[in-house]
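The values are calculated or read from the model by the stated rules, or taken from the named source; none is laboratory data. Fair warning: this is a prediction, and the values are worked out from it, not measured in the lab. Please note: Cβ atoms are built from the backbone with ideal geometry, for glycine as well, and neighbour counts cover all protein chains shown.
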């Protein structure tokens, strides 16, 4: 992977994190949710987004070429981000900070990291068995 490609992928990672932050700290997504979908379905979608976006960010951070210390830095950013955005939501109209959302966010980080670990483990197992070239 060329240096420019790596930089582009890392720029996408940061852009996704910034867009997610904006979405979490603005009232419009909640207002839109109230107008378009039922409260129970809205809850499921919101929690699924929390889990999925953090898992995606953790998986991307795991897969992209960088030093282990930089990857650790990214995971720390995600953990701090989960707590910080929930804390800051108390001052956003129609939002509330929630420790259960933090738990879901952290579960997403753990899932994304676990997918990467499984990918590495299965890749090594396939190579050692001569299944994969």
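With the requirement that a residue be surrounded by fewer than 14 Cβ atoms within 10 Å (Cβ to Cβ) and not in a helix (DSSP H, G or I), what does the stretch 5-32 give you? Residue satisfying the conditions is 27 alone. Only one entry of 83, 75 meets the criterion of being closer than 27 Å to residue 3 by Cα, touching a helix residue (DSSP H, G or I) at 6+ places or on another chain (Cβ under 8 Å) and either modelled with pLDDT of 90 or more or outside any helix (DSSP H, G or I) (or both), and that entry is 75. Taking the listed residues 68, 39, the one that is closer than 30 Å to residue 1 by Cα, without any contact (Cβ under 8 Å) to a residue 40 or more places away in the chain and surrounded by fewer than 16 Cβ atoms within 10 Å (Cβ to Cβ) is 68, with no other qualifying.
Among the residues of the stretch 108-133, which ones are modelled with pLDDT of 75 or more and surrounded by fewer than 17 Cβ atoms within 10 Å (Cβ to Cβ)?
Scanning the stretch 108-133 gives 110, 114, 115, 117, 118, 119, 120, 121, 122.
In the set (1) surrounded by 12 or more Cβ atoms within 10 Å (Cβ to Cβ); (2) at pLDDT below 95; (3) part of a helix (DSSP H, G or I), the condition left unmet by residue 55 is number (2). Scanning the stretch 33-52 for residues being outside any helix (DSSP H, G or I) and within 20 Å of residue 85 (Cβ to Cβ) gives a total of 0.
Residues in the stretch 15-31 that are over 12 Å from the mean Cα position of the chain (by Cα) and touching a residue at least 60 places away in the same chain (Cβ under 8 Å): 6 in all.
Quick grid of which residues meet (1) touching a strand residue (DSSP E or B) at 6+ places or on another chain (Cβ under 7 Å); (2) under 26 Å from residue 3 (Cα atoms); (3) modelled with pLDDT of 95 or more; (4) surrounded by 16 or more Cβ atoms within 10 Å (Cβ to Cβ):
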| position | (1), (2), (3), (4) |
| --- | --- |
| 34 | no, no, no, no |
| 61 | no, yes, no, yes |
| 89 | no, no, yes, yes |
| 95 | no, no, no, yes |
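For the stretch 57-72, filtering for residues that are more than 15 Å from residue 23 (Cβ to Cβ) and in contact with a helix residue (DSSP H, G or I) (Cβ under 8 Å, 6 or more places away or on another chain) leaves 10.
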